[in-house]
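Undergrad: Quick one: the structure is below, and I'll ask about it shortly.
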Amino acid sequence: MTPSDTLDLRSTIRTIPDYPKPGIQFRDITTLLGNARAFRRAVDELVQPWAGSKIDKVAGIEARGFIIGGAIAHQVSAGFVPIRKKGKLPHDTVRIAYSLEYGIDEMEMHKDGVSKGERVILVDDLIATGGTAEGAVKLLQQRGAEVLAAVFIIDLPDLGGAAKIRKLGVPVRTLVQFEGH
Ligand code: AMP
């Protein structure tokens, strides 16, 4: 057994009850990121099915998707594209509205962030209802990118997000599942 086999990724994630509001179990990945072995393991495992495939870009969703996505991009020798809340990117952007638990918001990507036909992996820390990831997939596809997969450290399967993204024809990979919200 190698040392990494004994590492339980789930135990490196901290849960904060009732944050940011009552009833939400906030899954805090700062404790995973602060653990060198866990961080490396998460990055390696998220892209393992595509090891050896050509990946042009990794797209990360603000803000925790930047940390994980940046590390993945380096690992697979791909470029990195930020997907941000509206109004933060300085050059010409494409924008899409996406649904949140209550209401809607908008996210943006630079128009030249991806080119037609580029093979992209989408990254965020966690998928819940899938509204955020769905918006990001559509933004990438609108610009002609081929979304190879969407990857997340954490899945909240009861909220149905991963199933929603798979219905769009995009494979989903997650490493740790938590029940409930
Ligand atoms: P959703 O669009 O519902 O899939 O929500 C996903 C986004 O909200 C991700 O960017 C997550 O970081 C964040 N998020 C949603 N629920 C949680 C939670 N329980 N703990 C931590 N982050 C969450």
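Undergrad: Where the accessible area of the chain is counted over protein heavy atoms with a 1.4 Å probe, how much of it, in %, is carbon and sulfur?
TA: Within the chain, the accessible surface is 50 percent carbon and sulfur.
Undergrad: Taking the Cβ of I165 as the center, what net charge do the other residues with Cβ under 12 Å away carry, scoring Lys and Arg +1 and Asp and Glu -1?
TA: On the way: positive: K138, K164, R166, K167, R173; negative: D124, E134, D155.
Residues close to I165 contribute a combined charge of +2.
Undergrad: If the chain between K88 and K21 were fully stretched, how many nm would it gain, using 0.36 nm times the residue separation less the Cα-Cα distance?
TA: Stretched out fully, the K88 to K21 stretch lengthens by 21.5 nm.
Undergrad: Among DSSP bridges having both ends in the stretch 52-177, what percentage is antiparallel? Round to the nearest 5.
TA: 30
Undergrad: Using only C-alpha atoms and all pairs of different ones, pull out the Kirkwood radius for the chain in Å with one decimal.
TA: By the Kirkwood definition, the hydrodynamic radius is 16.6 Å.
Undergrad: Could you name the lysines in cross-link range of K138, using Cα to Cα under 27 Å and dropping any fewer than eight places away on the same chain?
TA: K54, K57, K85, K86, K88, K111, K116, K164, K167
Undergrad: Determine the relative contact order of the stretch 52-177: mean sequence separation of Cα pairs under 8 Å and six or more apart, normalised by residue count, in whole percent. Before the final figure, lay out the partial values.
TA: Numbers: 273 pairs, mean separation 28.5, N = 126.
It comes to 23 percent, rounded to a whole number.
Undergrad: Excluding ligands, DNA and RNA, what is the solvent-accessible area per residue of the stretch 52-177 at a probe of 1.4 Å, expressed in Å²?
TA: I get 44 Å² per residue for the stretch 52-177.
Undergrad: Here's another thing I want to ask about it. I need the trypsin sites (Lys or Arg not before Pro) found in the stretch 50-123, filtered to DSSP loop residues with at most 16 other beta carbons within 10 Å of theirs.
TA: K54, K86, K88, K111, K116
Undergrad: Quick one: which residues, 5 or more positions from V151 or on another chain, have an amide H under 5 Å from its amide H? H modelled 1.01 Å from N in the peptide plane, none for Pro or chain starts.
TA: Close amide H contacts, sequence-distant or interchain: L122, V123, D124, R173.
The values are calculated or read from the model by the stated rules, or taken from the named source; none is laboratory data. Nothing here was measured: the structure is a model prediction, and the numbers come from that model. In this analysis, Cβ positions are derived from the backbone assuming ideal geometry, glycine residues included, and neighbour counts consider all displayed protein chains. For accessibility, only protein heavy atoms count, side chains too; no ligands or nucleic acids. Shrake-Rupley method; radii C 1.70, N 1.55, O 1.52, S 1.80 Å.
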